[in-house]
1. Going by a ≥ b ≥ c, the root eigenvalues of the Cα gyration tensor, does segment 183-245 fall in the rounded group (a/c under 1.5), the prolate group (a/b larger than b/c) or the oblate group?
2. Would you please give the FRET efficiency between Glu28 and Glu365, computed as 1/(1 + (r/R0)^6) with r the Cβ-Cβ distance and R0 = 41 Å, to the nearest 0.05?
3. Roughly to the nearest percent, how much of the accessible area of the chain is carbon and sulfur, given a 1.4 Å probe?
4. Counting only C-alpha contacts under 8 Å and six or more residues apart, can you give the relative contact order of segment 1-149 as a whole percent?
5. Compute the relative contact order of the chain as a whole-number percentage, counting only Cα pairs closer than 8 Å that sit 6 or more residues apart in sequence.
6. Using a/c under 1.5 as the rounded threshold, could you call segment 263-415 rounded, prolate or oblate? The axes a ≥ b ≥ c are square roots of the C-alpha gyration tensor eigenvalues, and prolate needs a/b larger than b/c, oblate otherwise.
7. Give the lysines whose C-alpha is closer than 30 Å to that of Lys263, dropping any in the same chain fewer than 8 places away, or say none.
8. Report the full-extension gain for the segment Asp49 to Ala286: residue separation times 0.36 nm, less the Cα-Cα distance, to one decimal in nm.
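The values are calculated or read from the model by the stated rules, or taken from the named source; none is laboratory data. What you are looking at is a predicted structure, and each value in this text was computed from that prediction instead of being measured. Positions of Cβ are backbone-derived with ideal geometry, glycine not excepted, and every protein chain shown enters the neighbour counts. Ligands, DNA and RNA are excluded from the accessible area calculation, which covers all protein heavy atoms including side chains. Shrake-Rupley method; radii C 1.70, N 1.55, O 1.52, S 1.80 Å.
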Amino acid sequence: MTKEGLTAFQAVNVYFEEAARLIDLDEEMYSILTSTYREISVQIPVRLDNGDLIVARGYRVQHNGARGPYKGGIRYHPSADLEEVRALASLMTWKTALLDVPFGGAKGGIEIDPTGMSPGELQRMTRRFTNGIAHVIGVYRDIPAPDMNTNAQTMAWMMDAFSASHGYSPAIVTGKPLDLGGQPGREQATGRGVIYTLEAYAKTKGFVMRDLRIAIQGFGNVGSWAAAEAADRGARIVAVSDRFGGIHDPGGLDVSALVQLSKAGGSVTDFPGAEAMSNEELLVCACDVLIPAALGEVIDTDNADAIQARAVIEAANYPVTPGADKILHDRGIDVVPDILANAGGVTGSYFEWTRNIQQMPWTEEKFNEVLAAYMHRAYVAVDAFTTERGCTMRQAAFAIGIQRVALASRMRGYI
């Protein structure tokens, strides 16, 4: 529940409603697109290594499949309840439509804290979950991917569990290990896509990448790759954080050293020579670009007035609440929305999926080249819509996605 009294799904639909009014969406289509097609809730008993039994709850929500098979990640987190998964599934619908990849929107999760679970426990839980939702997923029906606290190994277990009953099916999931049909570049795609989008934004605003001071909340897969890509382009990374806290250096942090520290299992807070700060302090520190790349709803009505950045690039899913979004807009702070900024992951997943179906390899160079083209094309469309209609980038991004999904729904005879 946000500080504005909204659930996650309600908050996403606030953004939907703003965009729907811009394009005069009819009431019947509105009813279809603001509800989910299918919701699965499954019981997941897991035998721990010490002999104890825990019972978790898993979900798969399919929001809309008018434009293609459902697509969306699987997250393991205590907050991954049905309401959050609904919200994330709907965001995937608009994201895939905006990037013009032929997928619908879905999301999945297990409502559990996986911290401290052994590989054996995680594998048993993943296989049990996969078997519980196997009847609603498929290579041309619904294709999961990694998300928060899941990774290539998780996808390998899911693929194997599904393949045991359906035959070898590498295209059932994306984000797999390279040796099982994964795509070089896919792991980095979300973080790289964030910076491809930032580059396009900077160009339209007349900013130079090497002049930008960037603060990144979250130093997992997305945040760390975004930091590395931005640093490679000459930007100064002045602050980063993880779940243990953050660090700050106005002169710029050594991103390569931070990445090595993180890969070795350390926290960014262990990095020497930088000023310590909390995750909350990072959000309001002095910078040109703020990239929230961790949890949702971190920028709200309590801290939006204190944001110092000139632009917020949403690498996380719905990190800005509707109330905060309005405050930032009124203050002249641009927000590049999540369904655009972090869409590199699902776009890269599309490339991996097509590679698996065709059994034709892609080089990482080709992958990155086409990913950049997709991200820039989507940004240009959003920027043009924003200029033409005098709206925010979020409203433009949602409006473009909604128009495409509504058109496909009508052509397929939904109404």
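1. It is oblate, given that a/c is not under 1.5 and a/b is not larger than b/c.
2. Values: r = 46 Å, r/R0 = 1.12.
It comes to 0.35.
3. The nonpolar share, carbon plus sulfur, comes to 49 percent.
4. Working: 273 pairs, mean separation 39.3, N = 149.
It rounds to 26 percent for segment 1-149.
5. Averaging sequence separation for qualifying contacts and normalising by length gives 17 percent for the chain.
6. Verdict is oblate for segment 263-415.
7. Lys71, Lys95, Lys107, Lys176, Lys366
8. Answer, rounded to one decimal: 80.7 nm.
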